[in-house]
1. Please compute the contact order of the chain in relative form: average sequence separation of alpha-carbon pairs under 8 Å and at least six residues apart, divided by the residue count, as a percent.
2. Out of residues 5 or more away from Val63 or on other chains, whose amide H comes under 5 Å of its own, with H placed 1.01 Å from N in the peptide plane?
3. Scale the Cα Rg of segment 76-118 by the rule-of-thumb value 2.2 N^0.38 Å and send over the ratio, two decimals.
4. Between Ile149 and residues 5 or more places away or on another chain, which pairs have amide H atoms under 5 Å apart, with H built 1.01 Å from N, and which residues are they?
5. Just name one of Val63, Gly42, Leu90: the one whose Cα is farthest towards the positive end of the charge dipole of segment 24-97 (beta-carbon charges, Lys/Arg +1, Asp/Glu -1).
6. No solvent, one uniform scatterer per C-alpha: report log10 I(q)/I(0) for segment 1-76 via the Debye equation at q = 0.14, 0.18, 0.19, 0.25 1/Å, two decimals.
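FYI, it's all coordinate maths here, none of it is from the lab. Note that the coordinates shown come from a computational prediction; the quantities given were computed from them, not determined experimentally. Note that each Cβ is placed from the backbone with ideal geometry, even for glycine, and that neighbours are counted across all protein chains shown.
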Amino acid sequence: MHILLIGERGAGKSTLIRRLTDAWGRPVSGFITKKEAADAEGNEPVYIHPANGPRRYGADNLVGVCRFRHPTGYPEAFDRHAHLLAPPPLGGILVMDELGMMESGAKAFCAAALAALDGDADSIFALKVTDTPFLNAVRGHPKAVCLRITKENREELFETILPLIAKGPGGGAE
């Protein structure tokens with residue numbers, strides 16, 4: 001099952017994903033992105049990290065910069081990390097936290113994300129609400145279950161989503 005959490009900034013997408021993967025207790029693969037604090041010029045660097053590994057910060061995993069909430073992605077950097085979207089090990093869960101505007105120009109990365117949705121491995125994605133052709137294709141994928149997350153419903157969503165993937169490959173839904 002592929003679950004897409006769609007919500008505004010600060011709605012709790014990343015926190016909910018972390019809670020769910022901890023509760024499922026299954027191997028996790030994929031990626032997380034992390035925006036760091038602004039430098040003196042107002043640039044907030046954005047880094048990509050393996051979902052199941054240590055975080056490190058350097059030129060090799062810098063995928064973009066936000067300046068006063070205006071993102072600029074580095075497509076070639078996203079494409080170098082498309083391997084993170086490979087199917088997880090048997091019984092694992094693929095995490096994509098999060099997909100937004102920055103990677104929309106990264107052809108290999110976007111293709112890998114869409115290929116993951118074509119597959120049968122369980123996955124959970126966090127998505128920005130922004131409209132881009134790539135994000136619209138992800139949200140419109142026939143195998144995806146889109147759920148809107150807000151501060152008000154995130155606890156209810158935890159209880160709703162938890163049993164859907166808890167049983168292992170293919171999810172708990174019959």
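1. Reported relative contact order: 32 percent.
2. Val46, Tyr47, Ile48
3. Cα Rg divided by the expected 2.2 N^0.38 Å: 1.12.
4. The answer is Ile6, Gly7.
5. The residue sitting most towards the positive pole is Leu90.
6. Log10 I(q)/I(0), no solvent term: -0.56, -0.88, -0.96, -1.29.
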